[in-house]
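Contents: one structure, followed by commentary.
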Amino acid sequence: HKAAIDGAKPVASGPLNNMQIGVTIPTFQRATALTQTLAHLATCTPGPHEVLIHIDAGDTDSAAAIAASPFADTASVIHASTRQGPGGGGNRLMAAEYALGLSLDDDSYPLDKHFFTEAAAAIDAAPDAAVIATPIRTKGNLRTPMAYASPAANVVNCGALINVQAFRATQGYLPLPLAYGAEKVDLA
């Protein structure tokens with residue numbers, strides 16, 4: 001995974017805007033959840049700069065869900081030939097061209113249609129932050145971040161706004177095929 005991160009082009013610094021926010025979604029065999037997430041993303045005004053989806057090897061249903069979504073013609077889709085897990089998929093997704101990434105799981109989505117405008121304002125208010133937690137809906141439950149910014153030693157990746165330059169300064173996520181949470185703790 002290091003080569004994909006090292007091979008990425010530098011991203012310009014300075015104030016961000018919603019047109020520079022890419023959404024990354026690693027997925028594996030969860031077409032129903034992915035369909036719901038993409039439908040919610042499509043209601044955002046303005047929408048993300050781009051939507052990037054990593055389909056892990058062996059997945060037989062996510063491609064059809066993407067093809068039937070509002071992003072059928074615009075999403076960038078990476079099909080893995082070997083199992084990468086959510087961490088390996090996340091590494092490949094973070095090598096794209098955008099300044100800020102909204103990292104989503106395939107079953108999570110923004111709560112507000114103005115999410116990307118608010119996200120750009122949050123990162124502009126804290127330009128040195130590597131990660132900013134955001135309110136999202138995941139698995140039917142509302143997850144809200146703390147109401148203030150503070151340093152933290154752990155990353156809740158789902159719904160996090162990730163400064164791509166900060167991410168690329170790390171070794172990235174652990175590419176474990178069956179990881180659940182370990183890839184996030186390692187990144188933190």
In order through segment 41-49: 3J(HN,Hα) via Karplus (6.51 cos²θ - 1.76 cosθ + 1.60), integer Hz, x for Gly, Pro: 4, 5, 7, 6, 10, x, x, x, 4
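Of 71, 167, 28, which has the most accessible area with a 1.4 Å probe, and how do the rest follow in descending order? Intermediate values should be presented prior to the final figure.
Values: 71 25, 167 5, 28 70 Å².
From most accessible down to least: 28, 71, 167.
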For residue 51, distant residues with modelled amide H under 5 Å away: 23, 76
Cα principal axis extents for segment 26-128, largest first, Å: 41, 27, 21
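The values are calculated or read from the model by the stated rules, or taken from the named source; none is laboratory data. Since the model is a prediction, treat every value here as computed from it, not as a measurement. All accessible areas refer to the heavy atoms of the entire protein, side chains included, with ligands and DNA or RNA removed. Shrake-Rupley method; radii C 1.70, N 1.55, O 1.52, S 1.80 Å.
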